[in-house]
Amino acid sequence: MLVLEDVNVHYGSAHVLHGVGLEVRAGQIACLVGRNGAGKSTTLKAIMGVVPLSHGRILLHDDRIDGRAPHLIATRGISWVPEDRRVFNSLSVEENIRVAAQATHRSNSARRIKEALEFFPDLLPRRRSLAKNLSGGQQQMLAIARALACHPELLMLDEPTEGLAPSMVNAIRVGILASRDRGVSILLVEQNLRLALSVGDVFFVLSRGRVVFRGTRAEVQETSEIIGDHLGIGKVRKFSQWHE
């Protein structure tokens with residue numbers, strides 16, 4: 001579905017991404033992991049057209065999307081939830097989702113709102129609450145639900161569980177898996193490796209702007225010491241089951 005080939009990005013004179021290559025297949029959860037400052041968020045911004053490429057190309061269904069405006073990329077079926085969520089605080093939960101639903105599909109917005117809220121049942125009794133009155137975890141659920149209201153083919157999530165309580169982390173995890181089960185492919189940037197290993201199909205480890213490892217969940221665990229060194233966490237533990 002999505003292919004990055006030799007992607008390079010500069011911020012002024014700073015060379016941030018060095019020949020990044022990765023793929024996300026249809027129906028797959030691909031996890032992009034690495035230390036802070038490795039270039040993970042920049043990779044998502046490059047895909048979304050927020051930062052320009054200095055070299056390389058990005059293809060969606062074999063069609064180049066690099067160089068296009070972010071709103072045009074969004075209409076091609078990519079939704080992005082940035083790390084800072086960016087919910088509209090003065091709007092209600094339902095209004096936040098309606099804005100996204102109507103921006104991409106003028107018809108059936110009520111159905112799209114209902115479907116988006118179904119991913120996160122905790123939001124249902126708060127659908128008329130202002131976003132500013134939600135907890136951090138609820139705001140994250142809202143940001144993801146709003147992105148899903150666009151009916152994307154690919155959902156990109158940047159650190160969706162950072163700073164959240166364990167119960168909220170599990171709710172986000174359930175929502176991610178439910179999205180995949182409904183046919184949404186996902187590119188997940190996540191510092192919580194335990195969570196990533198519980199949902200991910202394929203992993204890309206980014207270090208200093210370069211992909212230094214790619215492999216399945218089993219391959220990550222088989223090369224745990226190498227992966228742990230790149231992530232700065234020591235040996236990666238095996239997580240055979242997620243415990244709520």
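The values are calculated or read from the model by the stated rules, or taken from the named source; none is laboratory data. This structure is a prediction, so every number in the text was calculated from the model and none was measured. Note: ideal-geometry Cβ built from the backbone for every residue, glycine included; neighbour counts use all protein chains shown.
Structure data summary
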quantity: Condition met for Arg57 (of a type in the set (D, E, K, R) and not in a loop (DSSP other than H, G, I, E, B)); calculated: yes
quantity: Some residue of segment 10-23 being assigned to a strand (DSSP E or B), free of Cβ contacts under 8 Å to residues at least 12 places away in the same chain and assigned by TED's automatic domain parsing to the domain that holds Gly163; calculated: yes
quantity: Counted residues, segment 152-189 - those being in contact with a Gly (Cβ under 8 Å, 6 or more places away or on another chain) and in a loop (DSSP other than H, G, I, E, B); calculated: 6
quantity: Any hit, segment 59-73, residues being of a type in the set (Lys, Arg), modelled with pLDDT of 90 or more and either out of contact with any Ser or Thr (no Cβ under 7 Å at 6 or more places or on another chain) or surrounded by 14 or more Cβ atoms within 10 Å (Cβ to Cβ) (or both); calculated: yes
quantity: Segment 1-60, subset more than 26 Å from Leu177 (Cα to Cα) and among the hydroxyl-bearing types (Ser, Thr, Tyr), residue farthest from the chain's Cα centre (by Cα); calculated: Ser13
quantity: Subset of segment 17-56 [in contact with a helix residue (DSSP H, G or I) (Cβ under 7 Å, 6 or more places away or on another chain), among the hydrophobic types (A, V, I, L, M, F, W, C) and farther than 17 Å from Arg214 by Cβ]; calculated: Met48, Val50, Val51, Leu53
quantity: Residue count, segment 145-171 (criterion: crowded, with 23+ Cβ neighbours inside 10 Å and among the β-branched types (Val, Ile, Thr)); calculated: 1
